[in-house]
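The values are calculated or read from the model by the stated rules, or taken from the named source; none is laboratory data. This one's a predicted model, so the numbers in the text were calculated from it and none came from an experiment. Methodologically, a virtual Cβ is constructed for each residue, glycine included, from the backbone with ideal geometry; neighbour enumeration extends over all protein chains shown. The area values use the complete protein model at the heavy-atom level, side chains included, leaving out ligands, DNA and RNA. Shrake-Rupley method; radii C 1.70, N 1.55, O 1.52, S 1.80 Å.
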Amino acid sequence: MNNKNDFSKGSVKRTIIRLAIPMTFAQLINLLYNIVDRMFIGRIPQDGTLALTGLGLCFPIIMIVTAFTNLFGVGGAPLSSIERGKGNNEEAQNIMGNSFTLLIMAGIVLTVLGLLFKKPILYLFGASDATYPFANQYLSIYLLGSIFVMISLGMNSYINNQGFAKIGMLTTALGCITNIVLDPILIFGCKMGVQGAALATIFSQGLSAIWVLRFLTGNQTILRLERKSMRLKWSRVKAITSLGLAGCVMQFTNSAVTIVCNRCLSLYGGDLYVGVMTIMNSIREILSMPVMGITNGATPVLSFNYGAKNYHRVIEAIKFMSITTIAYTFVSWLVLVIIPEPFIKLFNNDPSLTSASIQSIYIYFFGFFMMALQFAGQTVFTALGKSKQAVFFSIFRKIVIVVPLTILIPMLLNNGVDGVFMAEPISNFIGGGACFLTMMLTVWKDLKRKIGD
């Protein structure tokens, strides 16, 4: 099993594809958790549009839960792979155990704080008296299962980074199938509405969490989750959080952008355009899914070979990942521009919502392929343990560019909701280009020098 998951051998491209295919399916399955909720919620009789908008208001808080999952789960997994590449499996296992402890602690804190302050937070995020009841019903139940979410997503990274991508895919498949079955039963059959969607989600994530823990404590895994490895050590905690800060900041900045967008859209276009933003985010998640699969597939290959000092294989992995993601996002952008309506009608059939969404798609997704540059550069920085660069570019694109432009463009150009949606493509060109160029001028150049030496 160790030989099979030795990423220093065999074709780099085939290894990435071997990992990326099940990881892409895992991304698809994981995406279906929320996408299926939105598809059913958007079709609730009479209240579908308001319910969908209310769910969209919960996204920033869901992103915050994901942020802490990235901080402690996704942050530790590349470090664990680097140690495994060095042949130090004991330290790799200790990193995994420390991540698990941190995820549990963070999950408890987030649940308590979320339940205590959910009402002022939701109104701050753009809720109205009409949409708050739906947001509150969903969030109250979702928060109770946040620990399940953090375990299933955070610890699944350690399954994938050991090379067990198919097992990682099955983690999300188990939960997703359960969610798809339970959603219509609870939402429509039991007439629970958005509460039913939330219950289906946390029950499904609970099953996924149990699956992850059973595998990582079993005999098939290379690194085993044991009680002795869960004792926190400051040096490990610092290293995990330092590297995980990039993914954490990325989710926090996504949350911040969603909050600002919802507030501005509520101001210029009302609840209708908050619903449009919910659809825009959903479509972006669908189109970004293969990119996440490829970059996630490349991450353990990059980390392992960097730890093993096989720098020529690191360069080959960067090339393949970058070209593939850029080509895919360019094609997907063209498809979306040509036939936007089928994507919108996945979530709602309201004619006014559809019409507003079509116009917004042309603006929001302009130059979508530039987003791949951000993902590729960010993945390289994170996989190679370069946390400062990864954190900087997470903040740069969202906080430095998107947030100010979301506020300023509608004011300066007097173009209302169109100005809000313009901020995203501008940030993709500036932020994505800067991230990738910096990676090429620093990491790529350094790898070339090391090969030359």
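Taken along the Cα-to-beta-carbon direction at a fixed 7 Å, the label points for LEU213 and ASP129 span 4.4 nm. Computed from label points 7 Å out along Cα-Cβ, the spacing between ASP47 and ILE21 is 4.5 nm. Rolled with a 1.4 Å probe across the full set of protein chains, the surface gives MET289 an accessible area near 30 Å². The distance from the alpha carbon centre of the range 104-173 to that of the range 211-253 is 18 Å, rounded to a whole number. The simple spin-label model puts a point 7 Å past each Cα toward its Cβ; for LEU113 and VAL181 those points are separated by 3.6 nm. Phi angles across the range 140-150 convert, under the Karplus curve 6.51 cos²θ - 1.76 cosθ + 1.60 with θ = phi - 60°, into 3J(HN,Hα) values of 4, 7, 4, 4, 5, x, 5, 5, 4, 4, 5 Hz, Gly and Pro given as x. For the chain, the share of accessible area belonging to carbon and sulfur comes to 67 percent (1.4 Å probe, ligands and nucleic acids excluded). Taking the C-alpha atoms only, the angle from helix 194-216 to the longest principal axis of the chain is near 10 degrees. Hydrodynamic radius of the range 257-393 by the Kirkwood approach over all distinct alpha-carbon pairs: 16.6 Å. Calculate how steeply helix 311-338 sits against the longest principal axis of the alpha-carbon atoms of the chain, using the helix alpha-carbon long axis, and give the answer as 0 to 90 degrees to the nearest 10. That works out to roughly 20 degrees. Counting Lys and Arg as +1 and Asp and Glu as -1 over every other residue whose Cβ lies under 13 Å from the Cβ of VAL403, the net charge comes to +2.
Annotation: per residue accessible area for the chain equals 39 Å², rounded to a whole number [probe 1.4 Å, protein chains only]. Our estimate of slack between ARG227 and ALA327, defined as 0.36 nm per intervening residue step minus the Cα-Cα distance, is 31.5 nm.
Derived scalar couplings between HN and Hα for the range 118-127 equal 4, 5, x, 5, 5, 5, 5, 7, x, 5 Hz in order, rounded to whole Hz, by the Karplus curve 6.51 cos²θ - 1.76 cosθ + 1.60 (θ = phi - 60°), x for Gly and Pro. With no solvent and one equal point scatterer placed on each C-alpha of the chain, evaluate the Debye formula and give log10 I(q)/I(0) for q = 0.09, 0.12 Å⁻¹, two decimals. For the chain at q = 0.09, 0.12 Å⁻¹, log10 I(q)/I(0) is -0.55, -1.01. Accessible surface of TRP211, taken over heavy atoms with a 1.4 Å probe and every protein chain present, rounds to 90 Å². Among residues other than LEU52 with Cβ under 11 Å from its Cβ, the summed charge is -2 (Lys and Arg +1, Asp and Glu -1). When shorter helices are ignored and each DSSP H run of at least 4 residues is given -39500 (n - 2.57), the per-residue value for the chain at 222 nm works out to -26000 deg cm²/dmol. With Cα atoms defining each centre, the range 380-447 and the range 290-349 are spaced 18 Å apart in the structure. With a Förster radius of 35 Å applied to the C-beta separation of LYS191 and LYS345, the computed FRET efficiency comes to 0.90. Our coupling estimate for the range 350-357, obtained by passing each phi through the Karplus curve with A = 6.51, B = -1.76, C = 1.60 and θ = phi - 60°, is 4, x, 5, 5, 5, 4, 5, 5 Hz, Gly and Pro reported as x. Taking a Cβ cut-off of under 9 Å around ASN98, the surrounding Lys, Arg, Asp and Glu residues balance to a net charge of +3, with basic ones at +1 and acidic ones at -1.
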